[in-house]
Amino acid sequence: MGYLITLIAKYYCCDTITADALSDITKKKLLEFDLDNYQEYRYHNKITAICEGLYSGKIEQGFQEREYIPVYESELDFIRSLSNDRQKKLMFTLFAIARYMDSDGWINKKTAKEISEVFRLSDVTLTSDQRNELLHELYRNGHISLGKRVDNLNIRVQLIDSGRIGYKIKEFHHIGYQYIGNFKNGYKQCCLCGKPVKITNNRIKYCSNCYKKANASDAKNRMKKYRETQPVTF
């Protein structure tokens, strides 16, 4: 929540309003998100402190811009050593989120809903019990660490920020698909939707659904060009 508050406050921070006015704007925008379990009074002091910190210089006003999120070769080698695609897609996603969050490898999630968003990003579809089993398996094998508090689902991965960069994540969606499409033998990513496509020939570019759309679009364009070349009759 603190991270979200900071992002909102930074976005609306400007020289023409005061810290108190920014605090009011931030509270209003938080309510528009309709977040589960959000209670304004609980976060009043945090919101005030962040807004005042932006104007006093204690908190940097600018956003941190990144061209990409790197995944290093040593991390990819570790992911390849895992036993199945679900583990590989999830760990690839956990590395990406942890490096994006820049919190010493921690991915802080407090509810099952927040954890389900991580699995959605990794393109791993499981029930709640199956998600817990997969996380426990990774924990049991020493691949992830878990927070000591029982009221959250904080996860930590061991980032390796050295060596050669093996992959650059430039779009932060379907990260699991990105792993399969780029690192599983015999697969590539669909050029339109990003889903993994089994390589059956060197010319394949799309999954079956996108191929139909692309083919229909190409046919429409070919017909349009053909009509433009025909003489006009009266």
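A few remarks follow.
- Using alpha carbons only, the radius of gyration of segment 69-212 set against its Kirkwood radius gives Rg/Rh = 0.98.
- Placing R0 at 22 angstrom, the Cβ-Cβ distance between residue 80 and residue 125 gives a FRET efficiency of 0.50 after rounding to 0.05.
- Extension gain from residue 132 to residue 173, taking 0.36 nm per residue of separation minus the Cα-Cα distance: 12.5 nm
- 3J(HN,Hα) along segment 32-42, derived from phi through the Karplus expression 6.51 cos²θ - 1.76 cosθ + 1.60 where θ = phi - 60°, amounts to 5, 6, 6, 6, 5, 6, 7, 10, 4, 4, 5 Hz, with x in place of Gly and Pro.
- Estimated distance in nm for a label pair at residue 116 and residue 158, the labels positioned 7 Å out from Cα along Cα-to-Cβ: 3.3
- Cut-off under 5 Å, modelled amide H: who pairs with residue 187 long-range: 199
- Relative to the Cα centre, the charge distribution of the chain, modelled as +1 at Lys and Arg Cβ and -1 at Asp and Glu Cβ, gives a dipole magnitude of about 1400 debye.
- Amide H contacts of residue 166 (H built 1.01 Å from N, under 5 Å, at least 5 apart or other chain): 71, 72, 73
- Dividing the Cα radius of gyration of segment 1-79 by 2.2 N^0.38 Å, with N the residue count, gives 1.40.
- Summed over all non-identical Cα pairs, the Kirkwood treatment of segment 107-185 gives a radius of 14.2 Å.
- Protection proxy ranking, peptides 9-16, 94-101, average beta carbon neighbours within 10 Å, highest first: 94-101, 9-16
- For the listed residue pairs 113/170; 10/170; 89/168; 46/110; 109/184; 148/170, the alpha carbons are over 21 angstrom apart in 113/170; 10/170; 109/184; 148/170.
- Using heavy atoms of the protein chains and a probe of 1.4 Å, the accessible area assigned to residue 24 is about 100 Å².
- Between residue 65 and residue 139, residue separation times 0.36 nm minus the direct Cα-Cα distance comes to 23.4 nm.
- Residue-count net charge about residue 57 - beta-carbon cut-off 15 Å; Lys, Arg +1, Asp, Glu -1: -1
- At 1.002 mPa s and 20 °C, Stokes D of segment 1-143 from Kirkwood alpha-carbon radius, µm² per second: 122
- Summarised in one figure, the compactness ratio Rg/Rh of segment 36-81, Cα atoms and Kirkwood Rh, is 1.29.
- Taking every DSSP helix (H) stretch of at least 4 residues in the chain, weighting each as -39,500 (n - 2.57) and dividing the sum by the residue count yields a mean residue ellipticity at 222 nm of -16500 deg cm²/dmol.
- Considering only alpha-carbon pairs that sit under 8 angstrom and 6 or more positions apart, the relative contact order computed for segment 111-166 is 26 percent.
- Normalised by the number of residues in segment 79-124, the mean separation of alpha-carbon contacts (under 8 Å, six or more apart) gives a relative contact order of 40 percent.
The values are calculated or read from the model by the stated rules, or taken from the named source; none is laboratory data. Everything quoted here is computed from the prediction, not taken from an experiment. Here Cβ is always computed from backbone atoms with ideal geometry, including for glycine, and neighbour counts include all displayed protein chains. To get the accessible areas, we keep the full protein, side chains included, count just its heavy atoms, and leave off ligands, DNA and RNA. Shrake-Rupley method; radii C 1.70, N 1.55, O 1.52, S 1.80 Å.
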